[in-house]
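Contents: one structure, followed by commentary.
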Amino acid sequence: MKQEIRFILNGEHVSLNVDPSRTLLDVLREDLGLTGTKKGCDEGDCGACTVLIAGKPINSCLTPMGKINGQEVLTIEGLGDPEQLHPLQEAFLKVGAVQCGYCTPGMLLSAKAILDINPQPTEAEIRDSIAGNLCRCTGYTKIVEAIKYAANLLEGRS
Ligand code: FES
Ligand code: FES
C-alpha cells in the first residue's frame, strides 16, 4: 500500500506517494529521473548507489522509502552542476580520477562525507572512507589523490 513520504532532496521539499518498501535508489531513478545515482550490484556490495542521508553515506539500494520520511537526502545532482562544479568534481577531473565514471557519483558523495567532518584526512582515512565504493578502473590511486586535492581546494577557499 502506498504511503505519503516527505523528505528534503537536494535542498528541496519533496512529497511522494509511494510503496514504502520500494528502495530509495529505484524511486530516485525511476520516479524522479535522478539517474546520477547508479545501480550496480543492487545488493549493498558496490557503493555505486551511495547517497548522503543527514550527511552520512548510505547504500540507497538497501534503503526502503519508509526510512526516508523526514530525512535530508543529497544525491550527486545536488553536489554541483556543469556551470558550477563542486571542488571534488573539479579535483576528480583535474587529477584524472574518472575513467568509465560508473563509481564516480558514489565516490564523490563518500568523499564529501569525510571532508565535511575531517577537512584534511590522512591517506588511510580517505581509503577507509571509500572502502565501500568499488572501482573497477582506476586502482584507487587517482581517486585518493583527487580527494586530497579537493581537500586543499576547499581549505584554500574557506
Ligand atoms: S547498487 Fe547499491 S551497493 Fe551496489
Ligand atoms: S571509473 Fe570505472 S568503476 Fe570507477
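The values are calculated or read from the model by the stated rules, or taken from the named source; none is laboratory data. The shown structure was predicted, so the numbers you read here are calculated from the model rather than taken from an experiment. Please note: Cβ atoms are built from the backbone with ideal geometry, for glycine as well, and neighbour counts cover all protein chains shown.
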Verdict on Lys56 being touching a Cys at 6+ places or on another chain (Cβ under 9 Å) and either among the small types (Gly, Ala, Ser) or outside the structural domain of Gly132 (by TED's automatic domain parsing) (or both): no
Any residue in the range 129-141 that's more than 19 Å from Pro57 (Cβ to Cβ): show its pairings with residues that are at pLDDT 95 or above and within 12 Å of ligand 1 (Cβ to nearest atom) at Cβ separation under 8 Å, as long as the two are six or more apart or on different chains. Arg136/Tyr102; Arg136/Cys103; Cys137/Cys103
Is at least one residue of the range 83-99 within 13 Å of ligand 2 (Cβ to nearest atom), touching a residue at least 24 places away in the same chain (Cβ under 8 Å) and in a helix (DSSP H, G or I)? yes
In the range 121-137, the residues that are over 24 Å from Gly78 (Cβ atoms) and of a type outside the set (D, E, K, R): Thr122, Ala124, Cys137
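Residue-by-condition table, conditions (1) outside the structural domain of Pro20 (by TED's automatic domain parsing); (2) over 29 Å from His13 (Cβ atoms):
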residue: Leu62; (1), (2): no, no
residue: Met65; (1), (2): no, no
residue: Phe92; (1), (2): yes, yes
residue: Gln99; (1), (2): yes, yes
residue: Gly106; (1), (2): yes, no
residue: Ala113; (1), (2): yes, no
residue: Pro121; (1), (2): yes, yes
Could you identify the single residue in Ala131, Ala97 that is among the small types (Gly, Ala, Ser) and within 16 Å of ligand 1 (Cβ to nearest atom)? Ala131
Per the filter on the range 112-129, residues closer than 21 Å to Leu93 by Cβ and in contact with a Pro (Cβ under 9 Å, 6 or more places away or on another chain) are Lys112, Ala113, Ile114, Leu115, Ser129
